[in-house]
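Each remark here refers to the structure printed beneath this line.
What follows draws every value from the coordinates through simple rules; no lab data is involved. Every value quoted in this text rests on a predicted model; they were computed, and no experiment measured them. Positions of Cβ are generated from backbone atoms using ideal geometry, with glycine treated the same way; all protein chains shown enter the neighbour counts.
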Amino acid sequence: MKRLQNKTALITGAGSGFGEAMAIRFVEEGANVAVVDLRGDQARRVADGLPGRAIAIEADVSSSEAVRRAVTKTIETFGVPDIIVNNAGFTHRNQPLLEIDEATFDRVFAVNVKSIYNMVQAVVPAMRDNGGGVMLNIASTAGIRPRPGLTWYNASKGAVNLLSNSLAVELAPWRIRVNAVCPVMGVTGMLSELMGGADTPELRSKFMATIPLGRLCEPGDVVNAALFLASEEAAFITGVILPVDGGRTA
């Protein structure tokens, strides 16, 4: 029996990186998937590789109207989502905090934090009326053990962690479980920005030295954690902030 058989999942930021890997694995495990991404071409590329089991939706998760449209299209195509993965993220470049301009600060919080507000408003009533579901927020170890140079990004991910705790408590009566997955610095499109320089072996080595297991987070690491938390195997788990970090926050 596949672990997500007959489930519907909506995954934001699913046009690449962790989100793409989750979309592929969730389909393999029996789910239908709404591949949501700001870049419509990337969303379509991923969905086209999963014929009949995925749809592509172009949406800016910082826009309440765009998120509402994405949820509506998902419901029209596959039914009410059983699983929501708030994976879309944005970071500023690793640099001194006084050098981050207001527009960049606003974008970090709009994509990383306001997007969860938008998704809750758009989907929770339908999930409640459908008998419950699962929400996974892809946070970061930055919200647990922050690195210098990423202060405003760190703060946004700290907010995601606390939001996940609070949502878990408030949504539990409606049988909606909420958990957060917190990867350490990973092999995604944001890696250079998080490191604050070109992705060279030397710079990677500097950051890997801070991770006890000695490597960066790979998409598969996040997928495995997300799949467990989304499945019935985790039916009694909610409000968990799960580091996927090779010991970075230990």
Prolate/oblate/rounded call for the stretch 141-226, Cα gyration tensor, a/c under 1.5 rounded: prolate
Cα gyration tensor, the stretch 103-166 - rounded (a/c under 1.5), prolate or oblate: oblate
Dimensionless Rg ratio for the stretch 1-129, taking C-alpha atoms and the 2.2 N^0.38 Å reference: 1.08
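Using the Cα gyration tensor of the stretch 92-250, with a ≥ b ≥ c the square roots of its eigenvalues, what is the shape: rounded (a/c below 1.5), prolate (a/b larger than b/c) or oblate (neither)? Show your work: numbers first, answer last.
Working: a/c = 2.55, a/b = 1.52, b/c = 1.67.
Cα axes put the stretch 92-250 in the oblate bin.
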Fraction in percent of alpha-carbon pairs per bin - 5 Å, the stretch 197-250: 4, 17, 20, 19, 16, 11, 7, 4, 1
All-pairs Cα distance distribution in the stretch 19-65, expressed in whole percent, bin size 10 Å: 31, 51, 17, 0
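Could you order peptides 12-19, 172-179 by the average number of other Cβ atoms within 10 Å of their residues, highest first?
Per-residue Cβ counts within 10 Å, averaged per peptide and sorted highest first, yield 12-19, 172-179.
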Taking Val85, Val61, Val124 and counting other C-beta atoms within 10 Å, the order from fewest to most: Val124, Val61, Val85
Residues listed by number, the stretch 88-105, amide nitrogen under 16 Å from Ala198 label point at 7 Å toward C-beta: none
Distance from the stretch 120-157 to the stretch 158-234 (C-alpha centre basis), Å: 11
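Within a 10 angstrom radius of the beta carbon, how do Lys206, Lys114 rank from fewest other beta carbons to most? Don't skip to the answer; put the middle values down first.
Details: Lys206 12, Lys114 18.
By the 10 Å Cβ count, ascending: Lys206, Lys114.
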Separation of the Leu98 and Thr72 label points, Cα + 7 Å toward Cβ, nm: 4.8
Paramagnetic reach from Phe228 in the stretch 181-207 [backbone N under 16 Å; point 7 Å along Cα→Cβ]: 181-184
Cα principal axis extents for the stretch 63-145, largest first, Å: 46, 27, 17
